[in-house]
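Every number here is computed from the coordinates shown, using simple stated rules; none is lab data. No experiment lies behind these values; they were computed from the predicted model shown. Methodologically, a virtual Cβ is constructed for each residue, glycine included, from the backbone with ideal geometry; neighbour enumeration extends over all protein chains shown.
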Amino acid sequence: MYHEVQGVVALGRGRPVSLETVLVPDPGPGEALVRVQACGVCHTDLHYREGNISDGFPFLLGHEAAGEVVDVGPDVRGLRPGAFVILNWRAVCGTCRACRKGKPQYCFATFNATQPMTLTDGTPLSPALGIGAFADLTLVAAGQCTEVPRARPEAAGLLGCGVMAGIGAAIHTGEVAPGDSVAVFGCGGVGAAAIAGARLAGATTIVAIDIDDRKLEWARTVGATHTVNSSREDPVEAVRAATGSFGADVAIEAVGRPEVLQQAFYARDLAGTVVQVGVPNPQMMFPPVPMIDFFGRGGALKPSWYGDCLPARDFPMLIDLYRQGRLDLDHFVSETIGSGDVEEAFARMGRGEVLRSVVVFP
Ligand SMILES: [Zn+2]
Ligand SMILES: [Zn+2]
C-alpha cells in the first residue's frame, strides 16, 4: 500500500523547489515508516537543489528530522510504532572493515530504505542523504531511526545533521578537554554547535570568528568567551591574544574554504589540533602551507564527517542534556515554517539571517 503525502521536491538543477504529491510505500524488510514532525533546512538541501551533490533529480529534500515511527517492516527488531526518533544519515552496517575494526563512525556501507518513494507518475525520488523528510511521511532504513526521550521535535531534529556535526567536531574529532582553548571559524549552524560542544566539554576559552556581527552575537549566547570579526581584524593574531599568545588547543574550521583552513592551521598552539567540518566544494585546493610548518607545528589535522558521531550513543545523550537545560538546542531554531516556505528559507539562510529554519508538520 502507498501513502499519498506532500513533499518538497527539487525537480531540476537550480529550479526552485516545489510541493509535489509523493507516494510513500509501506515498510518492507529492514524499513521503517516515520511521521515527520519537524525537519530543519540545511545547506546540504540547497546543494542538492543546485545539483552540486549529484545529478539524481528529482530529489526529495530534508534530512534533519524528528518524528514518530508509524510502522516497521516484518523483520525489524528494537524499534516499535510510536517511538519518538531522530533520523540519521549513517545507519552503520556492522560488518564492513571499519565496523569490524570497532570504528563504526567510518562505516563504508551505511544503508537506506530499499523501496523508492515516487512521484505519482512512478518517477523514483532520490531522498536527500537517504532521508527525504520534508514530507509528512518518509520511508527509511530502520537503522536510520534513533529512539530518544521525547523532546520538542523542532529542536531534537537538528541533532540529525548540522548541530550533531558541530558538537561532534568539538567533542569527538577535536577531543576538546576541560580547560582547553578552542577557536571556531564560522558561526553558522555548525560553527555555533561546535561552540556549544566546546562549552559542554569544558573548554574555558572559546574564540568565535566570523565576518558577520549578528552571528558573533549568537556565538556568545551559545558559549563563546571571545568574538572576532575577521573582516576587521586578523583572526590568527586575535586568537593568540585571547590565549596568552599560545594559540588554541583546538581550531575548528566550520566554513569550508582554503583561506579559512589556513587561518585555523596557524591559529593553533604547537601540537594543537585542526578540525575541518566545513564542507569544501570540489574545486577548492588545500591551502599552500610550507611543509616545514606542517612538520614543525606538530599536532593533527582531522576532517570530521558528521562529527564522528554514533547516533545510538550520541542522540539520546544530547537529548538528555537538552532536557536538563545544559544544551540549548532551542537557540538553534531561529524560526518555524511550513513546507511551502523552503525556498524563502534558503534565501534567508544565504543572507545569514538564521541559524536554522525548521519546517513543522501539523
Ligand atoms: Zn559498516
Ligand atoms: Zn544537513
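A full extension of the chain between Arg257 and Phe108 corresponds to an added length of 51.1 nm, given 0.36 nm per residue minus the alpha carbon distance. Counting only C-alpha contacts under 8 Å and six or more residues apart, can you give the relative contact order of the chain as a whole percent? Computed value for the chain: 17 percent relative contact order.
Think of each Lys and Arg Cβ as +1 and each Asp and Glu Cβ as -1; about the Cα centre, that makes the dipole of the chain roughly 880 debye.
How big, on average over all directions, is the shadow cast by the Cα convex hull of the chain, in nm²?
17.5 nm²
Separation of region 259-287 and region 84-129, taken as the distance between their Cα centroids, equals 29 angstrom. Normalised Debye scattering of region 1-132 at q = 0.16 Å⁻¹ gives log10 I(q)/I(0) of -0.87, counting only Cα atoms as equal scatterers and leaving out solvent. Treating r as the C-beta distance of Ile211 and Met291 and R0 as 25 Å, the FRET efficiency rounds to 0.25. Placing pseudo-labels 7 Å out from each Cα toward the beta carbon at Glu175 and Gln115 gives an inter-label distance of 4.5 nm.
Taking every DSSP beta bridge that has both residues in the chain, what percent is antiparallel when rounded to the nearest 5? Once the DSSP bridges in the chain are tallied, antiparallel ones form about 55 percent.
Which shape class, rounded, prolate or oblate, goes with region 166-304 when its Cα gyration tensor gives a ≥ b ≥ c as root eigenvalues, a/c under 1.5 marks rounded, and past that a/b bigger than b/c marks prolate?
Rounded, since a/c falls under 1.5.
Our coupling estimate for region 292-307, obtained by passing each phi through the Karplus curve with A = 6.51, B = -1.76, C = 1.60 and θ = phi - 60°, is 5, 6, 4, 5, x, 8, x, x, 9, 10, 10, x, 10, 8, 6, x Hz, Gly and Pro reported as x. Label-to-label distance for Asn52 and Asn229 is 2.6 nm, based on points extended 7 Å past Cα in the beta-carbon direction. Taking square-rooted eigenvalues a ≥ b ≥ c of the alpha carbon gyration tensor, is region 277-346 rounded, prolate or oblate, where a/c under 1.5 means rounded and, failing that, a/b exceeding b/c means prolate? It is oblate, given that a/c is not under 1.5 and a/b is not larger than b/c.
Taking a ≥ b ≥ c as the square roots of the eigenvalues of the alpha-carbon gyration tensor, region 232-282 is classed oblate because a/c is 1.5 or more while a/b is no larger than b/c. If both residues of a DSSP beta bridge must be in region 106-254, then about 5% of such bridges are antiparallel. Each 5 Å bin, from zero up to the one with the longest distance, holds this percent of the alpha carbon pairs of region 227-315: 3, 13, 21, 23, 19, 11, 6, 3, 0. The helix-only estimate of mean residue ellipticity at 222 nm for the chain, built from DSSP H runs of length n ≥ 4 each weighted as -39500 (n - 2.57), is -6500 deg cm²/dmol after division by the residue total.
Once the Cα-Cα distance is subtracted from the 0.36 nm per residue extended length, the Arg13 to Arg77 segment shows a gain of 19.1 nm.
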